[in-house]
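A.B. asks: I'd like to ask you about the structure that follows.
Derivation of every value follows stated rules applied to the coordinates shown; laboratory data play no part. Keep in mind it's a predicted model, so treat the numbers as computed, not measured. Note: ideal-geometry Cβ built from the backbone for every residue, glycine included; neighbour counts use all protein chains shown.
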Amino acid sequence: MAPLPDEKPAEAKVEPKKEEPAPEPAPALPPLEVKLEVPAITVKLVNAGKGKKAPLKYTAKAGTKQQVEVVMSFAQTASVDGQSDAQVVPTIVLAGVAETKAVDATGKADYSLAVASTDARDVQGASVAVPVDQFKLALASLAGLVISGSVDANGTTAETLLRIEKPDRLSAGALDLVKITFPAWPVLPKEPVGVGAKWQTTSSNTLRAAPGDKGIEMTHVTSYELVSKTGPTYTIKSKTTVTGKDQEYKGGKISKINGTGTSEIKLDEGALYPTSTGQIETNLTASEGTKSMQLAFKIGGSINAKKSDAGTSTPVPAPSTPVPAQKK
């Protein structure tokens, strides 16, 4: 037998594995801003009402705050040869605190609404285009959204700005949907009125399929009535009629534009945002050559506004109980 070696053979050295550098985080996106279009609008008093008359206007005081919940819904139906396809978006909920920053001598108020929480609700009786849980993730990208602008004493608005300081990749799409569905301020007459007063507004509106789109031009005529006044609260109801001329659009033609809407508004003295609920439906026919399609758009919106203590900035979280879709 051969003699054993005096020493063990040297063990092979194992080189330490080099760790791969961690991927660099994606660069932060710049602040995101979207402006709400302000349609040209005229107001005509039809009937001044009865009894004691006084100007009907928004009377918020600088420094006052409100807890505000905004609920928005959107649905679209396309019909061709008797077959219909509906696309329903889960109901959008934004909750936060609105603050009146300043009020000038004419009653024009500068304000901001800081959104503190978002939610999405299922639409009862409808198949939504996007699963609610997935839609909630998209709405979460609106974290830090601030809505700011100014509103005259009669509800006429100047440019309204929607801004997110630290957006993510989903923020732009979510903000575009808010832009389409966000409820408008009810416009009031400047003349003194009493209960039973009636007035009419006419506005030129544009329905856009996407930001930057040419859009479809139409006219909204809204008839308002001051139904009652109980203490500091005015109750107003409205009906809207939608019309539009036949027009060229993306190489085709838009015709038979029509629609209706309703709303109810409760305006409290000293409040910035009224409590309101409303809906509007717009119908039209899109054609190209011998082919045509009937389209219906339903937009719903409601605002629930409550007074908040001057020093309080914590809003009530948006409830998550499903509710039926509403329309503006």
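A.B. asks: What number, in nm² with one decimal, is the all-direction average of the projected area of the convex hull of the alpha-carbon atoms of the chain? Can you show the working numbers first?
C.D. replies: Details: hull surface 124.1 nm².
One quarter of the hull surface, i.e. the mean projection, equals 31.0 nm².
A.B. asks: Quick one: which residues, 5+ away or cross-chain, put their amide H under 5 Å from the amide H of Leu145? H built at 1.01 Å from N.
C.D. replies: Residues meeting the criterion, in which the H sits 1.01 Å from N, are Val115.
A.B. asks: In segment 228-281, which GluC sites (Glu not before Pro) are in a loop and have at most 16 other Cβ atoms within 10 Å, using DSSP for the loop call?
C.D. replies: Of the GluC sites (Glu not before Pro), the ones in loops of segment 228-281 whose Cβ has at most 16 other Cβ atoms within 10 Å are Glu269.
A.B. asks: For the chain, what is the relative contact order in percent, using Cα pairs closer than 8 Å and at least 6 residues apart in sequence?
C.D. replies: Relative contact order for the chain comes out at 23 percent.
A.B. asks: Ranking Tyr249, Tyr111 by Cβ neighbours within 10 Å, fewest first, what do you get?
C.D. replies: Fewest-to-most Cβ neighbours within 10 Å comes out as Tyr249, Tyr111.
A.B. asks: What's the center-to-center distance, using Cα atoms, between segment 20-90 and segment 214-260 in Å?
C.D. replies: So the separation of the two Cα centres works out to 15 Å.
A.B. asks: While we're here: Give, as a single signed number, the net charge of other residues whose beta carbon lies under 14 Å from the beta carbon of Ala54, with Lys and Arg counted +1 and Asp and Glu -1. Could the numbers behind the result be given before it?
C.D. replies: Working: positive: Lys50, Lys52, Lys53, Lys57, Lys190, Lys229; negative: Glu191, Glu269.
Its environment carries a net charge of +4.
A.B. asks: Let me ask another. Treating only the Cβ atoms of Lys and Arg (+1) and Asp and Glu (-1) as charged, compute the dipole magnitude of the chain about its Cα centre; round to the nearest 20 debye. Please list the in-between numbers first.
C.D. replies: Working: 38 positive and 35 negative charges, 381 e Å.
Using Cβ point charges on Lys, Arg, Asp and Glu, the chain gives about 1840 debye.
A.B. asks: Can you grab the distance from the C-alpha centre of segment 127-160 to the C-alpha centre of segment 273-296, Å, no decimals?
C.D. replies: For segment 127-160 versus segment 273-296, the Cα centre distance is 21 Å.
A.B. asks: Run the numbers on segment 22-158 and let me know its relative contact order in percent, using alpha-carbon pairs under 8 Å that are six or more apart.
C.D. replies: Worked out over segment 22-158, it gives 22 percent.
A.B. asks: Now a separate question. What ranking do Arg208, Arg163, Arg169 get, fewest neighbouring Cβ atoms within 10 angstrom at the top?
C.D. replies: Least crowded to most crowded, the residues run Arg169, Arg208, Arg163.
A.B. asks: Suppose we look only past 16 Å in the calculated P(r) of segment 51-138. What percent of the Cα-Cα pairs does that tail hold?
C.D. replies: For segment 51-138, the fraction of Cα-Cα distances above 16 Å is 68 percent.
A.B. asks: Using θ = phi - 60° and the Karplus form 6.51 cos²θ - 1.76 cosθ + 1.60, what ³J(HN,Hα) does each residue of segment 103-109 get, whole Hz, x for Gly and Pro?
C.D. replies: Karplus values, whole Hz, x for Gly and Pro: 9, 8, 5, 8, x, 5, 10.
A.B. asks: Now, a different point. Where does each of 192-198, 121-127, 37-43, 92-98 land if you order them by average Cβ count within 10 Å, highest first?
C.D. replies: 92-98, 192-198, 121-127, 37-43
A.B. asks: Right, here's the next one. Can you list residues whose amide H is under 5 Å from Thr160's amide H, if they're 5+ apart or on another chain and H is modeled 1.01 Å from N?
C.D. replies: Here the answer is Leu36, since their amide H atoms fall under 5 Å of that of Thr160.
A.B. asks: Please enumerate, by chain and number, the lysines with C-alpha under 21 Å from the C-alpha of Lys190, excluding those fewer than 8 residues away in the same chain.
C.D. replies: Answer for Lys190, where 21 Å is the Cα cut-off: Lys44, Lys50, Lys52, Lys53, Lys57, Lys61, Lys108, Lys198, Lys229, Lys237, Lys239, Lys266, listed by chain and number.
A.B. asks: A further question on this structure: Per residue of segment 146-160, what does 6.51 cos²θ - 1.76 cosθ + 1.60 with θ = phi - 60° give for ³J(HN,Hα)? Whole Hz please, x for Gly and Pro, Karplus curve as stated.
C.D. replies: Working through the residues one at a time gives 10, 9, 9, x, 9, 9, 6, 4, 9, x, 5, 10, 9, 4, 10 Hz.
A.B. asks: How much length is gained on full extension from Ala140 to Lys101, taking 0.36 nm per residue of separation minus their Cα-Cα distance?
C.D. replies: The Ala140-Lys101 span can extend by a further 11.4 nm.
A.B. asks: Starting with the fewest neighbours, write out Glu20, Glu159, Glu99, Glu217 ranked by other beta-carbon atoms found within 10 Å of each beta-carbon. Let's see the in-between values first.
C.D. replies: Numbers: Glu20 6, Glu159 11, Glu99 21, Glu217 15.
Result, fewest neighbours first: Glu20, Glu159, Glu217, Glu99.
A.B. asks: Same structure, new question: So, counting K/R as plus one and D/E as minus one, what does the shell of residues with Cβ under 15 Å around Ala120 add up to?
C.D. replies: Summing Lys/Arg as +1 and Asp/Glu as -1 gives -2.
A.B. asks: Run the reach check for Lys291 against lysines, Cα to Cα strictly under 18 Å, same-chain hits fewer than 8 apart removed. What comes back?
C.D. replies: Here the lysines satisfying the reach criterion relative to Lys291 are Lys250, Lys253, Lys256.
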